[in-house]
Each structure stands twice: as structure tokens, then as C-alpha cells.
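**Student:** Right, I'll just put the structure down here and ask away after.
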Amino acid sequence: MNMRTQWPVLPIMAGLASGLLTACGTESGGSGGTGSSVVMGMSDDVLATDPASGYDPGSWLLFNNVFQSLLSFPKGSTEPQPELAKKCSFTDARTQVYQCTLNDGLKFSNGDALTSKDVKFSFDRMLNINDDAGPAIMFPMLDEVETPDAKTVVFRLNTPDATFPSKIASGAGSIVDHTQYDEKGLREDGKAIGSGPYKLDSFGDDEAVFSVNENYKGTADVRNSGVTLKFFHGDQSALKKALVDEQVDIAYRGLSANDIAEIEKGDASAGVELVEGSSAEVQHLVFNMKDPVAGQLGVRQAMAYLIDRDALIHEVYQGTATALYSIIPAGISGHNTAFFDTYGARPSKAKAADALRSDGITDKVKLTLWSTPARYGPATDALLKGIAQQLNDSGLFDADVKSVAFPEYEKDIAAGKYGVYVKGWVPDYPDADNFTAPFFGKGNVLANNYTNSAITGTLIPQTAAQSDRSATDEDYGKLQDIVADELPVLPVWQAKQYAVTREGVYGLEYCLDASTVFRFWELSKA
């Protein structure tokens, strides 16, 4: 499965997911839509319009605006609340039966009625297709979806999962029209039929055009008459030029660290404003545990002792990220600093050399760091070159960097061809579970041949079953300590979040909060 990530722009996940939801959602019925249309540019591509396939930030941006889920994250909140549903709750003490009652009068954008049949169809279809680039990996616990009547949906889980409400509130919970989608295959015509605040009018290589869905019934209050999303395919210079030339109103995901620094200092062209936030997006080095070089613990430890995160962030990211010392980022309940505590913040050649000698390694370690140029951010190649330079400057390594296109990159990782490679992660929902279970559970997204029975057999199941999320901190601490000791991954940075708007564009602050949901409907333009 692909890891959902690009470069530092999605928001920090401060807060907890809800285990029980019984409140009624407010309904606005999509009453807005009278303002000006808004044009937004980003460097990400939208890899899919079918929610059974897309598992990347660009695709989820589309899903969150064109489709609805049973629950959603209100602006400023990390706790899911009813959206399509009137109410949802666990009906058992073990958090294994979750029931939702739908609102009345729901329709898709094409006028078809939305019932429990569509909800069941959407989840069954996603799991049956089980696309390699899709979100099915998030639902190994989902055993069966039942529909006692047209308005009632019952999810039966094979293991307790207190984070299930947050998972179905994400883009992975998008509900599709059962008459418009093939239950066995993906939709490949670039169209999308949902019940969200917007309709997808057109989708092409260079732009996607959205208009207001008049059939929408939910919590969003639309403040514009439509959104055009322009794709710059990783071309930072073109995105910056489009913003300066007033071809786009908003630049989201794609300006370089230098561009952001210039704007922050006031050196960029007048008429633009920087909107800054925090983020739980992370980037790691991943080690193939079966590789003849990277599979040696001494090599991994030496790298952990030598990498200077602060220098990399200063030189490569111009301060637009922060050093990360654990697999669970700061701002997420359960975070600790296991890698800082174990390996320190400053490089130590002496400790690195000791780690190599303890593993019987006396010669320079010849190593290739594998990168992909755009998928994990436009600075990814520069980051890995900086890491290679730090390793080589120690005199202990002979490291180089190779960068390949993403499709080849993914195939080679799956085939076990790389010893060390980069991966990033944009969280699906605001809980430590989303930074651990996808990495170390069954069928994990890292594909690095790492297993630990304490993590998979005890810690992940225990934390998933705990409805009081604050009570999971001790177990997550143990998990992070194990990872720091065994080093299947090496955390490098945690993102900050930036977007830039032209004067007269409002509401962006409501699109960049802790939920990872970019809300088109909050945008307005004078």
C-alpha cells in the first residue's frame, strides 16, 4: 500500500478521536454557493477519483469535498461528529459493534437516494477490490456490514477498535452511489458521484473543476460558487509564478522552502499572505531488515548516531519542518522522544564507530539511499543527499543517493531491492494508532520485512481496544522504545504547514486544522 504523504503541509493532530458518538449533526443543506469561485494551485497530483483506490493527499482532498462519510471532522476539531448519520455509537462494551442511523432525505449529486444499501456497498466494494493504492489496509478489523433497514448500518468488527469512528470519518469512509460504481472494479473515467458539498464537473491532467452540489445535506455551509484546482505536478517555480501573476488565489502544497522563507520575511511580491500551521506529517528512513547491509543492526545504529536532523532542516527545509525523534509525532497523544533518548540530538562519530565494531564491521560501509523525486516532496532528493554527505563526512560510510520515478520505486521496494529508502506519512485520522498499526501491523505499508511479536501481538491490539485513548500512553511508549532499539525505521522530520493566499481570499485557516480535511466550502473571495 502507498503511504499518504508529500511534503510539509498537512495539520497537526492535537487531540483525541471519539469512541462514542451520539450527538445529532446540524444540517445546512448546502445553502451557500453564492460567492465568487476560487482557484487553488498545488503541486500534488490527484491520483484517483474513486475512493476505493486513492490513498494519497491529493485524492483525499477531492474525496473530502465530493463525497460524504457517516461522520466528519468539524473545523477546529479532531473529534468526529455525525455527517451523513444522525447518530452513531458503539453498542457493546468491547467496541466491536458500531451502529449508525442515517439522516432523512439524503441524495447523491445525481438525485439518487442515499440509503444504508449505499453505505454497505461502499465498504464491501472497497474491501473486495482491495486496491494496492487504496485505503482497504485501514480496515482489517471490519468483519461485516449489516443493514437492518434503509436508515440503519451496523458494523461488526473482528477485533475491538476504539478508533473505528475516526477511520470511517476519514476519506476512506467515502460513500458512493451503488448504481454508479462497479462492485468488482475501479472507476477509471475520471468522474465521481458523491453526496458531498461539491460536484466534480471535470477532471483532467492540469485541473479539476468543482461546482456546488445543490442536493447536499450535511454540516457544511458553502461560501463560494465553486473551486478550480490547478495541478502543477511538482513544478514549484510554475506554482509560485501563477500565484504572483494572479492566476491562482491560493498556493497549497508545493511552494519551496525558499519561497516560503521569502514570503515570511516579506521579500516576496506584494499582495500575498502566508498562512502557517503545524502538521503531523512525518518522514522516515526505512531499513529493509533482510538487506545484507542495512539488515545489520550496527549499520542502522551508526546512522542513527550520525544524522544531524537540525542541520538538515536548516539547510534543506529552511526551517519549515522540525526534528522528529519518534514514530509518533509531537502533538499526538502517546508521543515520546525515544530516538532522542537513545541516540541523542547531536552526531557522535565515536558512538557510531562503536556500533559498527560491535557488529564486526571495520571497513567503510558502502550504502545506497533510495529516493523518489516528487512523491514525498520536492526536497526529498536534497534531503537524502544531505544525509549521505553527513554519513560520508564521518569517514565511516561510503554512501550515495539514487532517485527513481515513483512507480518503479514502489515496485522495487515490494521486491526487496532497496536496503535504505525514504517514506513519508500524512495521517488519516488524529490518533497514535495511525502512526503505528499501518507501519508494524499485518500487511504494513513499509514493506521492510520487520516483525515484532510484542508490537503486533500485544501492544497494537491493546491500544486499539482502549476506549479511553489517554490510557494508551504507556503502551505507546513501550512500542516507541522497541522501535528505537530495533531500528526498522529512523524518523527524520515532522512537518510544519504553509499555504499562501492572495489578498481578498478568506477562510483558509478553517481548511488547515487538526483533522487533515481541506474544506473547500470555507473558502471565500472578495
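**Student:** Here are some residues: Ser326, Ser333. Which one is at negative phi, open to solvent by 20 Å² or more (accessible area, probe 1.4 Å) and assigned to a loop (DSSP other than H, G, I, E, B)?
**Tutor:** Numbers: Ser326 fails: open to solvent by 20 Å² or more (accessible area, probe 1.4 Å).
Only one candidate passes the filter, namely Ser333.
**Student:** If you don't mind, another one. Are any residues in region 191-227 of a type in the set (A, V, I, L, M, F, W, C) and assigned to a loop (DSSP other than H, G, I, E, B), and if so, which ones?
**Tutor:** First, the residues of region 191-227 that are of a type in the set (A, V, I, L, M, F, W, C): 192-193, 200, 203, 208-210, 212, 220, 222, 227.
Of everything in region 191-227, those that are of a type in the set (A, V, I, L, M, F, W, C) and assigned to a loop (DSSP other than H, G, I, E, B) turn out to be Ala192, Ile193, Ala220, Val222.
**Student:** May I pose another question? How many residues are open to solvent by 40 Å² or more (accessible area, probe 1.4 Å) and either small (Gly, Ala, Ser) or touching a Phe, Trp or Tyr at 6+ places or on another chain (Cβ under 8 Å) (or both) if we restrict to region 284-293?
**Tutor:** Residues that pass the stated criteria total 1.
**Student:** Checking Glu281 against (1) under 22 Å from Ser174 (Cβ atoms); (2) touching a residue at least 12 places away in the same chain (Cβ under 8 Å); (3) surrounded by fewer than 23 Cβ atoms within 10 Å (Cβ to Cβ), which test does it fail?
**Tutor:** Unmet condition: (3).
**Student:** What are the residues in region 232-244 that are part of a loop (DSSP other than H, G, I, E, B), open to solvent by less than 70 Å² (accessible area, probe 1.4 Å) and at negative phi, if any?
**Tutor:** Phe232
**Student:** If I filter region 202-209 for residues that are among the aliphatic types (A, V, I, L, M) and open to solvent by 20 Å² or more (accessible area, probe 1.4 Å), do I get at least one hit? Step through it out loud before you land on a result.
**Tutor:** Pass one, region 202-209, residues among the aliphatic types (A, V, I, L, M): 208-209.
This time we only want the ones that are open to solvent by 20 Å² or more (accessible area, probe 1.4 Å), so: 209.
Checking region 202-209: at least one residue is among the aliphatic types (A, V, I, L, M) and open to solvent by 20 Å² or more (accessible area, probe 1.4 Å).
**Student:** Going by the structure shown, is Thr380 crowded, with 21+ Cβ neighbours inside 10 Å and either under 26 Å from Asp310 (Cβ atoms) or touching a Lys or Arg at 6+ places or on another chain (Cβ under 7 Å) (or both)? Walk me through how you get there before you give the answer.
**Tutor:** On the way: crowded, with 21+ Cβ neighbours inside 10 Å: yes; either under 26 Å from Asp310 (Cβ atoms) or touching a Lys or Arg at 6+ places or on another chain (Cβ under 7 Å) (or both): yes.
Spelling it out, Thr380 is indeed crowded, with 21+ Cβ neighbours inside 10 Å and either under 26 Å from Asp310 (Cβ atoms) or touching a Lys or Arg at 6+ places or on another chain (Cβ under 7 Å) (or both).
**Student:** Anything in region 337-375 that is assigned to a loop (DSSP other than H, G, I, E, B), among the hydroxyl-bearing types (Ser, Thr, Tyr) and open to solvent by 80 Å² or more (accessible area, probe 1.4 Å)? List them, or say none. Even if it seems obvious, please write down each step before you answer.
**Tutor:** Of the residues in region 337-375, the ones assigned to a loop (DSSP other than H, G, I, E, B) are 337, 344-348, 359-364, 372-375.
After this cut, where a residue has to be among the hydroxyl-bearing types (Ser, Thr, Tyr) as well, the list is 337, 348, 362, 372.
Passing the criteria: only Thr362.
**Student:** Further question on the same structure: Which residue, of Glu262, Glu188, is assigned to a helix (DSSP H, G or I) and either modelled with pLDDT under 90 or open to solvent by 10 Å² or more (accessible area, probe 1.4 Å) (or both)? Steps first, please.
**Tutor:** On the way: Glu188 fails: assigned to a helix (DSSP H, G or I).
Of the residues listed, the single one that is assigned to a helix (DSSP H, G or I) and either modelled with pLDDT under 90 or open to solvent by 10 Å² or more (accessible area, probe 1.4 Å) (or both) is Glu262.
**Student:** From Ser43, Ser59, Ser53, Ser37, which residue is of a type outside the set (D, E, K, R), open to solvent by 10 Å² or more (accessible area, probe 1.4 Å), in contact with a Leu (Cβ under 7 Å, 6 or more places away or on another chain) and at pLDDT 90 or above? Full working, then the answer.
**Tutor:** Numbers: Ser43 fails: at pLDDT 90 or above; Ser59 fails: open to solvent by 10 Å² or more (accessible area, probe 1.4 Å); Ser37 fails: in contact with a Leu (Cβ under 7 Å, 6 or more places away or on another chain).
Exactly one residue qualifies, and that residue is Ser53.
**Student:** For residues that are within 23 Å of Ala208 (Cβ to Cβ) and outside any strand (DSSP E or B), tally how many sit in region 514-526. Please lay out each step first, then the result.
**Tutor:** Looking only at region 514-526, we keep the residues that are within 23 Å of Ala208 (Cβ to Cβ), and these are 515-525.
If we keep only those that are outside any strand (DSSP E or B) too, we end up with 515-523.
Total meeting the criteria: 9.
**Student:** Still on this structure: Can you pull out every residue in region 390-412 that is within 30 Å of Tyr498 (Cα to Cα) and touching a strand residue (DSSP E or B) at 6+ places or on another chain (Cβ under 8 Å)?
**Tutor:** Result: Val401, Lys402, Ser403, Val404, Tyr409.
The values are calculated or read from the model by the stated rules, or taken from the named source; none is laboratory data. Just so you know, these numbers come straight off a predicted model, no measurement behind them. In this analysis, Cβ positions are derived from the backbone assuming ideal geometry, glycine residues included, and neighbour counts consider all displayed protein chains. Accessible surface is based on the protein model in full, side chains and every heavy atom, while ligands, DNA and RNA are left aside. Shrake-Rupley method; radii C 1.70, N 1.55, O 1.52, S 1.80 Å.
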